[in-house]
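J.: I'd like to ask some things about the structure below.
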Amino acid sequence: DLTLQHESYQSNLGKCYLRLPEPQLRVPHAYVGGKDMDHLLKNDLCSPIFNHYDDICPLYISVGEWELFADEGRKLLERTRSFNSGHSMHGKVYDHMLHVFQSNGEKSSVYVKESYDDMKAFIESVFSQDTPFETVEKQGLKGDDRV
């Protein structure tokens with residue numbers, strides 16, 4: 001989210017290894033430019049958190065409680081779940097974890113193992129369902145008949 005309006009940017013500043021120094025805080029404005037920056041910062045092409053998720057594939061969001069982007073992750077998960085796309089929207093906030101904790105922590109960490117198990121279960125649940133192509137094949141359509 002390019003608006004940088006979420007509380008976790010401040011509340012998790014001393015907990016997460018990521019920092020948003022003053023020059024970095026100006027990046028969103030440089031990225032979108034233009035006269036109507038406030039409107040552009042909320043454009044879904046610039047900040048996906050403002051997107052309409054009514055036709056999205058299955059999605060899994062993993063968030064560390066102590067990361068700077070924790071509030072964004074929570075909001076994105078809440079937002080995707082509010083659209084009834086017919087697909088799986090799953091996610092979890094992992095206690096006391098930092099940004100991208102799966103790659104930064106020890107592989108034996110309980111939370112890292114739990115997150116990998118959760119992701120694995122999500123992927124297995126998605127692939128256990130019929131995909132549009134499997135449904136089409138069951139109907140006897142092939143090749144160019146697929147839409």
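J.: Please specify each residue of region 41-89 satisfying the condition of being of a type in the set (D, E, K, R) and in a helix (DSSP H, G or I).
T.: Within region 41-89, D71, E72, R74, K75, E78, R79, R81 meet the criteria.
J.: Where residues in region 71-88 are modelled with pLDDT of 80 or more and not aliphatic (A, V, I, L, M), which of them is surrounded by the fewest Cβ atoms within 10 Å (Cβ to Cβ)?
T.: Per the criteria, the residue is E78.
J.: Which count do you get for residues in region 1-40 that are surrounded by 15 or more Cβ atoms within 10 Å (Cβ to Cβ), part of a loop (DSSP other than H, G, I, E, B) and either modelled with pLDDT of 80 or more or of a type in the set (D, E) (or both)?
T.: Matching residues across region 1-40 total 5.
J.: Can you find a residue that is out of contact with any helix residue (DSSP H, G or I) (no Cβ under 6 Å at 6 or more places or on another chain), modelled with pLDDT under 85 and loosely packed, with under 15 Cβ neighbours inside 10 Å anywhere in region 56-70?
T.: Looking for residues that are out of contact with any helix residue (DSSP H, G or I) (no Cβ under 6 Å at 6 or more places or on another chain), modelled with pLDDT under 85 and loosely packed, with under 15 Cβ neighbours inside 10 Å, one finds at least one in region 56-70, hence yes.
The values are calculated or read from the model by the stated rules, or taken from the named source; none is laboratory data. All values derive from a computational prediction rather than experimental measurement. Positions of Cβ are backbone-derived with ideal geometry, glycine not excepted, and every protein chain shown enters the neighbour counts.
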